[in-house]
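Below you will find the structure I want to go over with you.
Since every read-out is calculated from the coordinates, none of them should be taken as a lab result. Bear in mind that the values here come from a model prediction, so they are computed numbers and not experimental data. Please note: Cβ atoms are built from the backbone with ideal geometry, for glycine as well, and neighbour counts cover all protein chains shown.
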């Protein structure tokens, strides 16, 4: 039987169970445990892919190993969970190891999101206490730490994904600034409430975040995309939806991210929504996003003049675009 996790090289759960039988003895007391739960792995696996998730798992494993002492036993406990078994180690000494792990995570800049792991410590000091209770204590501390830091960590992860997107594709940041300017003007023209305008601004910032999960060679490809490449590009709406749903703060705009490439006639993607089935803010973004795409040069196409863009909007009003929103946008006098 193998006692090593194939991906990380750490010991696996089977070896933990065997080793625990050996160490659950007073000669090894205090027997301390550090439980750890890696933050953000699921959203990376869902939105970017398991290859990127595996890189994060390997890196956190390396950080934990480098933060521990030579004889400490480190286990991959589950998908994103880790355990460190520390014989003859006080709870205070185990906490010092946790602090080293946290410090080394902050110093690490090798992953797409900041390395972050919730940690909990417990210690068995005498024979009477059941080992299961000791493990539950450590797991409870992990849970409490995740609750306390959840909002900050989730914000940091999404901010990091946005930053990564801008680094890969510098035009996207300028695109967002342009779209924000016109979207707010259009929203006010349509008498949106302050709350709706706030959500619209949030949507502008994150509507393309799913593109961070699209291979760079496809997203930046000059010329026409192959059919299979276009299908990959289209997944950015779903990827963006998953990223937004990761943070409760953005849940309200997640359906709009998912729907911002739907067409008014029902021939868009990914769900084929039609007319008012498409969220209002997504219909607004569709118009403004398309205007910027039409009038600014990209690696894959030339730009249109203002007059040509106006003709495109009139031509596609009622098919690609909500006709009322097109009318309001043209009334702004931008084109």
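Decide, for the range 140-262, between rounded, prolate and oblate: order the square roots of the alpha carbon gyration tensor eigenvalues as a ≥ b ≥ c, take rounded if a/c falls under 1.5, and otherwise choose prolate if a/b is larger than b/c, else oblate.
It is oblate, given that a/c is not under 1.5 and a/b is not larger than b/c.
Using 7 Å Cα-to-Cβ label points, what is the residue 104/residue 303 separation (nm, one decimal)?
For residue 104 paired with residue 303, the spin-label model returns 5.0 nm.
Using Cα centres only, tell me the gap between the range 99-174 and the range 22-51 in whole Å.
Rounded to whole Å, the Cα centres lie 11 Å apart.
Would you mind ranking 160, 116, 127 so that the residue whose beta carbon has the fewest other beta carbons within 10 Å leads the list?
Final ranking by Cβ density, sparse to dense: 127, 160, 116.
Ranked highest first by the average count of other Cβ atoms within 10 Å around their residues, in what order do 286-293, 53-60 fall?
Highest-to-lowest ranking by the protection proxy: 286-293, 53-60.
Sticking with this one: Could you give the distance between the Cα centres of the range 247-318 and the range 58-91, to the whole Å?
One Cα centre to the other: 48 Å.
Name the shape class, rounded, prolate or oblate, that the alpha-carbon gyration tensor gives for the range 233-286, where a ≥ b ≥ c are the square roots of its eigenvalues, rounded holds for a/c under 1.5, and otherwise prolate holds if a/b is larger than b/c and oblate otherwise.
oblate
Given all pairs of different Cα atoms, what value in angstroms does the Kirkwood hydrodynamic radius of the range 13-161 take?
Mean inverse Cα-Cα distance, inverted, gives 15.8 Å.
Assuming R0 = 41 Å, what is the FRET efficiency of residue 293 and residue 146, from their Cβ-Cβ distance, to the nearest 0.05?
The computed FRET efficiency comes out at 0.55.
Right, here's the next one. Most exposed first by the Cβ proxy, i.e. fewest other Cβ within 10 Å, how do 305, 220 rank?
Ranking 305, 220 by Cβ neighbours within 10 Å, fewest first, gives 305, 220.
Okay, next question. With everything on Cα atoms, drop me the angle between helix 13-23 and the longest principal axis of the chain, reported from 0 to 90° to the nearest 10.
The helix 13-23 is inclined about 30 degrees to the chain.
Counting just the Cα atoms, what span does the range 80-216 cover along each of its three principal axes? Round to the nearest Å and put the largest first.
72, 34, 22
Can you give the three extents of the C-alpha atoms in the range 169-331 along their principal axes, from longest to shortest, in whole Å?
The Cα atoms of the range 169-331 stretch 42, 41, 29 Å along their principal axes.
Now, a different point. Arrange the peptides 183-193, 28-38 so that the one whose residues have, on average, the most other Cβ atoms within 10 Å appears first.
Top to bottom by mean Cβ count within 10 Å: 28-38, 183-193.
Computed FRET efficiency, Cβ-Cβ of residue 160 and residue 127, R0 51 Å: what is it to the nearest 0.05?
E(calc), rounded to 0.05, equals 0.65.
Using percent of Cα pairs over 34 Å apart as the read-out, say which of (1) 39; (2) 27; (3) 17 was calculated from these coordinates.
For percent of Cα pairs over 34 Å apart, the calculated option is (1).
Could you please rank 8, 267, 295, placing first whichever residue has the fewest other Cβ atoms within 10 Å of its Cβ?
267, 295, 8
Next question, about the same structure. Taking Cα atoms of the range 1-73, Rg/Rh with Kirkwood Rh, to two decimals?
Rg/Rh for the range 1-73 comes to 1.04.
What do you get for the angle between helix 91-107 and the principal long axis of the chain? Use alpha-carbon atoms, 0 to 90 degrees, nearest ten.
Taking Cα atoms only, the helix is inclined about 30 degrees.
Run the numbers on the range 169-331 and let me know its relative contact order in percent, using alpha-carbon pairs under 8 Å that are six or more apart.
Relative contact order for the range 169-331 comes out at 21 percent.
Using just the helices of the chain, give the 222 nm mean residue ellipticity in deg cm²/dmol: DSSP H runs with n ≥ 4 each add -39,500 (n - 2.57), and the total is spread over all residues, rounded to 500.
-18000 deg cm²/dmol, from helical runs alone.
Expressed in nm to one decimal, what extension gain is obtained for the pair residue 42 and residue 185 from 0.36 nm per residue of sequence separation less their Cα-Cα distance?
47.8 nm
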